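The next block holds one structure in the form of structure tokens; read it before the comments.
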Amino acid sequence: MKFADRILTVIITATVTSMVWIVAGGSLIENAGSDSQLEKTSPAKAAPSPSPDPGPSDPASSEQAGLETPISDQARNAAALNTRVARAPAEESTAGLLIPVLNVKPSDLSDTFTDSRGGGTRLHEAIDIMAPRGTSVVAAAPGTIERLFRSDAGGNTIYVRSSDGETIHYYAHMDEYAEGLREGQRVRRGQRLGTVGSSGNASPEAPHLHFAILQTTPDAEWWEPANAINPYPILSQR
């Protein structure tokens with residue numbers, strides 16, 4: 001009987017142990033399927049999805065994006081350089097200009113550049129610098145006297161071309177030329193060229209110097225058409 005009791009005890013113990021393991025295992029399986037456990041064991045599901053391949057760019061979209069993109073410093077500098085190059089001839093011809101009539105102040109000048117002449121058929125494209133007859137006319141800038149010419153309209157005139165050949169300063173209605181002045185002569189800034197007068201078609205009661213700045217090309221003749229620049233804004237700031 002004692003042996004049979006022992007066998008029964010072993011069987012009961014084994015049965016109870018098996019039941020405990022079954023219950024515990026079921027609990028572990030249930031916990032493994034919970035949301036919190038899935039989150040811990042499946043990090044890939046929480047990661048962001050990869051961006052789709054954008055594929056070939058749309059020309060219209062690219063153009064619009066380009067319009068909204070600020071200009072780079074390099075492009076801005078290039079644009080500024082192009083602007084400086086385009087302005088260089090005009091700036092070079094007007095830098096450091098003197099008022100070409102002695103003792104005339106900037107405040108004495110008047111802007112007559114856009115005044116009409118010839119009964120309204122043409123623009124003046126120069127300024128008239130009023131001064132008493134005989135007042136000295138001086139070179140507004142250095143250059144070479146290309147032509148001393150007396151015309152019906154301009155009277156005693158002087159054409160002085162800049163060293164780069166791209167600008168001509170035109171002086172007209174002069175009473176007389178400075179002694180010894182000749183074509184081909186180099187003149188310095190401020191050098192006396194002659195005197196104010198009213199030769200040509202100027203009124204004897206209003207002696208003045210007709211002064212023009214003409215943009216041209218080195219191979220153009222002194223008498224050929226050129227682009228006139230208004231001297232007033234330049235000289236009135238001196």
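Annotations for the structure displayed:
- Net charge of the neighbourhood of Ala206, taken over other residues with C-beta under 12 Å away and scored Lys/Arg +1, Asp/Glu -1, is -1.
- Cβ-defined net charge surrounding Pro218, 9 Å radius [Lys, Arg +1; Asp, Glu -1]: -2
- Available extension along the chain between Ala228 and Thr114 is 40.0 nm, counting 0.36 nm per residue and deducting the alpha carbon span.
- Mean separation of Cα contacts under 8 Å, 6 or more apart, over the residue count of region 106-235: relative contact order %: 30 percent
- Förster radius 35 Å - calculated FRET efficiency between Ala206 and Glu179 (Cβ-Cβ, nearest 0.05): 0.85
- For Ser116, neighbours were defined as the other residues whose beta-carbon sits under 15 Å from its Cβ, and their charges (Lys and Arg +1, Asp and Glu -1) total -2.
- Taking 13 Å as the cut-off, the amide N atoms of region 173-193 that come nearer than this to a point 7 Å along the Cα-to-beta-carbon line of Arg150 belong to 173-177.
- Largest first and in whole Å, the equivalent-ellipsoid semi-axes of region 158-218 read 22, 15, 8, each the square root of five times a Cα gyration tensor eigenvalue.
- Centre-to-centre separation between the Cα atoms of region 118-182 and those of region 183-204: 5 Å.
- Counting every other Cβ atom within 10 Å of each residue's Cβ, Leu109, Leu123, Leu148 order from fewest to most as Leu123, Leu148, Leu109.
The numbers here are math on the coordinates, done by the rules we state, and not lab data. It should be emphasised that the depicted structure is a prediction, and the values quoted were computed from it without experimental measurement. Neighbour counts run over all protein chains shown; Cβ positions are idealised from the backbone, glycine included.
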